[in-house]
1. Of a type in the set (S, T, N, Q) and open to solvent by 90 Å² or more (accessible area, probe 1.4 Å), is that true of residue 20?
2. Would you check if residue 45 is more than 23 Å from the chain's Cα centre (by Cα), of a type outside the set (Lys, Arg) and over 30 Å from residue 100 (Cβ atoms)?
3. Could you grab me the full set of residues in segment 75-104 that are open to solvent by less than 100 Å² (accessible area, probe 1.4 Å), acidic (Asp, Glu) and under 30 Å from residue 116 (Cβ atoms)?
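The values are calculated or read from the model by the stated rules, or taken from the named source; none is laboratory data. A quick note: this is a predicted structure, and the numbers were derived from the prediction, not measured. When we count neighbours, we look across all protein chains shown, and the Cβ atoms used for this are built from the backbone with ideal geometry, even at glycine. For accessibility, only protein heavy atoms count, side chains too; no ligands or nucleic acids. Shrake-Rupley method; radii C 1.70, N 1.55, O 1.52, S 1.80 Å.
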Amino acid sequence: MGAIKKRNVAKIQTSYAKQQEVAEINVSMKRKRLYRRLSVFFIGAAVLFVFMISTLVSQSSVLDEKRAEKKKLDQELALLKKKEVMLEEEIVKLNDDEYISKLARKDYFLSENGEVIFNIPDNKEKDDKKGKSTN
């Protein structure tokens, strides 16, 4: 058997011994309750921390998406402003009778009295025809 043997020792049955035993039991119970409260607190803090981190990550991804969308919309806005300027210039031109007559002659082949219209293809159209005929 082992070097240490258990001995049966009788406990002293005095009121002081009982008070000490009760005090030890109370201290051990308080310690257990403290450990339980600390465990619950740290578990709650960990859950809150995870929740905050996940919220931060999701908000970051949403913010990145919004930035990309804003960049795309800014580019689209710039194109629309250019188009607006061109259309405003076109409005000003359309208020000019000479421009309207020039446009009618060009697009609808209308002519003034005694005027002959010759349709000459653009260089771009000639290049397209040459490229198709060589293939």
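1. Numbers: of a type in the set (S, T, N, Q): yes; open to solvent by 90 Å² or more (accessible area, probe 1.4 Å): no.
In short, no.
2. yes
3. Scanning segment 75-104 gives 90, 96.
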